[in-house]
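The values are calculated or read from the model by the stated rules, or taken from the named source; none is laboratory data. Bear in mind that the values here come from a model prediction, so they are computed numbers and not experimental data. A quick note on method: Cβ atoms are made from the backbone with ideal geometry, for glycine too, and the neighbour counts reach across all protein chains shown.
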Amino acid sequence: MADEVLLTKEGKEELEKRLDYLKVEKRAEITERIKTAREFGDLSENAEYDAAKNEQAMIEGEILEIEEKLKHAVIIKESKKGTVSLGSKVDFVEEGSNEVMTYEIVGTTEADVEQGRISNESPIGNALLGRKANDVVNVLAPAGWITLIIKKVY
């Protein structure tokens with residue numbers, strides 16, 4: 001992973017908190033579980049030991065992944081007002097609907113549709129980049145072509 005990892009300031013802080021939690025608390029917790037499981041005796045048939053070692057491997061993998069992301073992190077700068085860019089929030093409606101949808105455009109690491117954050121690489125996120133309020137955008141989404149009308153960019 002040598003590419004830039006685009007993050008908001010908040011997203012970088014969340015990754016740093018997660019990394020600290022994994023290194024300090026989870027490592028200590030899993031070390032204790034492995035120690036306890038060893039005390040059960042024969043390791044060749046010790047399910048608790050195997051489960052603890054597997055969890056340890058997953059935690060170490062996540063630590064490495066987060067460290068790599070932070071190493072290549074680029075903080076998204078304040079967006080230009082009125083133009084959709086990374087870090088912008090956008091209100092838009094699908095043509096034929098009155099339901100306003102609001103999403104923040106973020107890098108792939110922080111994308112979470114349920115939290116109102118879409119990736120700049122997603123079909124909708126990519127189509128919105130560079131647009132302004134009142135622009136009409138046609139997007140090829142997984143469900144087919146949709147037309148979006150941008151209401152507000154902030």
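Conditions tested, residue by residue: (1) of a type outside the set (Gly, Ala, Ser); (2) touching a strand residue (DSSP E or B) at 6+ places or on another chain (Cβ under 7 Å).
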site: Glu14; (1), (2): yes, no
site: Leu19; (1), (2): yes, no
site: Arg38; (1), (2): yes, no
site: Glu45; (1), (2): yes, no
site: Glu48; (1), (2): yes, no
site: Ala73; (1), (2): no, yes
site: Leu86; (1), (2): yes, yes
- Checking Ile150 against (1) exposed (fewer than 13 other Cβ atoms within 10 Å of the Cβ); (2) in contact (Cβ under 8 Å) with a residue 60 or more places away in the chain; (3) not basic (Lys, Arg), the condition it does not meet: (1)
- Note on the structure: Scanning region 98-121 for residues that are in contact (Cβ under 8 Å) with a residue 24 or more places away in the chain and among the aliphatic types (A, V, I, L, M), the one surrounded by the fewest Cβ atoms within 10 Å (Cβ to Cβ) turns out to be Val100
- Test each condition in (1) touching a residue at least 24 places away in the same chain (Cβ under 8 Å); (2) more than 17 Å from Leu6 (Cα to Cα) for Asn134 and report the one that comes out false. (1)
- Message: Condition check: in contact with a helix residue (DSSP H, G or I) (Cβ under 8 Å, 6 or more places away or on another chain) and touching a residue at least 24 places away in the same chain (Cβ under 8 Å). Does Ile124 satisfy that?
- Response: no
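Conditions (1) in a strand (DSSP E or B); (2) touching a helix residue (DSSP H, G or I) at 6+ places or on another chain (Cβ under 8 Å); (3) closer than 30 Å to Asp3 by Cβ; (4) not β-branched (Val, Ile, Thr), marked per residue:
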| position | (1), (2), (3), (4) |
| --- | --- |
| Ala37 | no, yes, no, yes |
| Glu48 | no, yes, no, yes |
| Asn54 | no, no, yes, yes |
| Gly61 | no, no, yes, yes |
| Glu67 | no, yes, yes, yes |
| Val74 | yes, no, yes, no |
| Val90 | yes, yes, yes, no |
| Ile105 | yes, yes, yes, no |
| Glu114 | no, no, yes, yes |
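I want to confirm something. Restricting to region 1-51 and keeping residues that are within 30 Å of Ile76 (Cβ to Cβ) and among the hydroxyl-bearing types (Ser, Thr, Tyr), which single residue is modelled with the lowest pLDDT?
Across region 1-51, the extreme among qualifying residues is Thr8.
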